[in-house]
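The structure appears below as structure tokens.
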Amino acid sequence: MDELNILKEEMAALKRNLDKEQIVNEKLMRTVMRQRASWLNTFVLAEFIMLPFLYIIFAVACAVFGISQWYAFAFVILGLVDAIVDLRTFRINPQIFSTCSMMEVRKILIRQKKERFLHLCVALPLALIWLLLFATAVFNDGNGNSVSYAGAVGGCIGGIIGAIIVIIIYRKAQNTNDTIVDDISIDDTP
């Protein structure tokens, strides 16, 4: 009978250790997911910080090329709206990793991924339309010299480079979400 009691005690100790290990693994996993998502929050913060500087750059460009300041104003308004939408589609509140269940976190990330795609489908064409209007204004309303032509061409090239950067950031954000969702899916498998 002593052997049976010893075996029961060992099984109970093993079960306690296993439960403890599972809790440690979940905490570690939540910490890793929080760290993976941290760059998204930094990106959104950087957007808000960069807006005033970009406004100044476009305001100076409007003054140099002799076009309306409304282009710079429209840029900052569109950029502000974009950054506010990014608060919902890019930013991941670090607290969700400690307060929500893994399935809730997964649902939030899947929702964000869908919304981020819709955001890109709306924001990118609007940005390209603004860029074409800006480049046309620089070319037509500018001083009519080679500087205006160079500014229009440079604006178009800069816009194309900017669109490529936006797509790269979008893909990286989607991959970050996919990785975290996959981690959660792996954790839920028995």
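Take the alpha carbon gyration tensor of the stretch 87-132, find the square roots of its eigenvalues, order them as a ≥ b ≥ c, and report rounded if a/c is under 1.5; if not, report prolate when a/b exceeds b/c, else oblate. Judged from the Cα gyration tensor, the stretch 87-132 comes out prolate (a/c at least 1.5, a/b above b/c). When the chain is treated as a GNM with alpha-carbon contacts under 10 Å, the residue of 44, 122, 85 showing the greatest mean-square fluctuation is 122.
Report, to the nearest 10°, how far helix 70-89 tilts away from the longest principal axis of the Cα atoms in the chain, using its own Cα long axis and a range of 0 to 90°. The helix 70-89 is inclined about 10 degrees to the chain.
Quick one: order 9, 26 from most to least accessible surface, probe 1.4 Å. Display every interim value, and only then the final one.
Values: 9 125, 26 70 Å².
So the residues, ranked largest to smallest area, are 9, 26.
Here the simple spin-label model places points 7 Å from the Cα toward Cβ, and for residue 133 and residue 12 these points are separated by 7.5 nm. A simple rule links phi to the HN-Hα coupling: the Karplus curve 6.51 cos²θ - 1.76 cosθ + 1.60 with θ = phi - 60°, which for the stretch 124-138 gives 5, x, 4, 5, 5, 5, 4, 4, 5, 5, 5, 5, 5, 5, 4 Hz, with x for Gly and Pro. Listed values for the stretch 111-116 are Karplus-derived 3J(HN,Hα) couplings in whole Hz (6.51 cos²θ - 1.76 cosθ + 1.60, θ = phi - 60°), namely 4, 4, 4, 5, 5, 5, and x replaces Gly and Pro.
Spin-label model, residue 114/residue 161: points 7 Å from Cα along the beta carbon direction are separated by 3.7 nm.
Selection among 128, 29, 12 by position relative to the dipole of the chain gives 128 as farthest towards the positive end (Cβ unit charges, Cα centre). Rolling a 1.4 Å probe over the heavy atoms of the protein chains gives the chain an accessible area of 65 Å² per residue.
Ignoring ligands, DNA and RNA, please state the percent of accessible area on the chain from carbon and sulfur, probe 1.4 Å. If you can, show how the numbers build up before the last one.
Working: 8530 of 12260 Å².
Looking at the chain in its full context, I get 70 percent from C and S.
Using only Cα atoms, find the angle between the long axis of helix 146-188 and the longest principal axis of the chain, and express it within 0 to 90 degrees, rounded to the nearest 10. Helix 146-188 sits roughly 10 degrees off the main axis of the chain.
Each Lys and Arg contributes +1 and each Asp and Glu -1, all at the Cβ; summed about the Cα centre of the chain, the dipole is approximately 420 debye. The HN-Hα couplings worked out from phi for the stretch 44-56 by the Karplus form 6.51 cos²θ - 1.76 cosθ + 1.60 (θ = phi - 60°) are 5, 4, 4, 4, 5, 5, 6, 3, x, 5, 5, 4, 4 Hz, whole numbers, x standing for Gly and Pro.
Is the shape of the chain best called rounded, prolate or oblate, per the rule: a/c under 1.5 gives rounded, else a/b larger than b/c gives prolate, else oblate, with a ≥ b ≥ c the square roots of the Cα gyration tensor eigenvalues? It comes out prolate by the Cα gyration axes.
The values are calculated or read from the model by the stated rules, or taken from the named source; none is laboratory data. What you see is a predicted model; the values in this text were computed from it and never measured. Note that we place each Cβ from the backbone using ideal geometry, even for glycine, and neighbour counts take in every protein chain shown. In case anyone asks, the SASA skips ligands and DNA or RNA and just uses the protein heavy atoms, side chains included. Shrake-Rupley method; radii C 1.70, N 1.55, O 1.52, S 1.80 Å.
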